[in-house]
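Take a look at the structure below.
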Amino acid sequence: MSKDTKQYKIGQFKPIWDNLIIKPIDIEDDGAFVRPVQKEDKPEIGIVVDMSKELEKDFKIGQAVLFNRYSTFPALLGGELIVKAEDIVAKEK
């Protein structure tokens, strides 16, 4: 790595506009969710790590959300994903 190359961590970035940073998590099927025929079809669940200021009234840090996996942008820094608010299909009460 050259001396001009800086290493970044996900915590160094703040989402803008209508974006959230989500940490995907695995869940056990306890009967609360209907398991789809193919794993690729199911929405993903994750925890909100950070969000843009515009979304602070709609979401909370640490809140569980279901989101559409196919429209996410992989942040590639620690396994988090950048998700648009419109791709959140449900949130923890």
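Computed from the C-beta positions of Lys60 and Val89 and an R0 of 30 Å, the FRET efficiency is 0.95 to the nearest 0.05. A cut-off of 5 Å between modelled amide H atoms, ignoring neighbours fewer than 5 places along the same chain, links Asp50 with Ile21. For the residue pairs Lys6/Lys84; Lys60/Lys91; Lys23/Lys57, the C-alpha atoms sit more than 18 angstrom apart in Lys6/Lys84; Lys23/Lys57. By a 1.4 Å probe calculation restricted to protein chains, Val89 has an accessible surface near 100 Å², given to the nearest 10.
The values are calculated or read from the model by the stated rules, or taken from the named source; none is laboratory data. These numbers come from a predicted model, not from an experiment. Positions of Cβ are generated from backbone atoms using ideal geometry, with glycine treated the same way; all protein chains shown enter the neighbour counts. Ligands, DNA and RNA are excluded from the accessible area calculation, which covers all protein heavy atoms including side chains. Shrake-Rupley method; radii C 1.70, N 1.55, O 1.52, S 1.80 Å.
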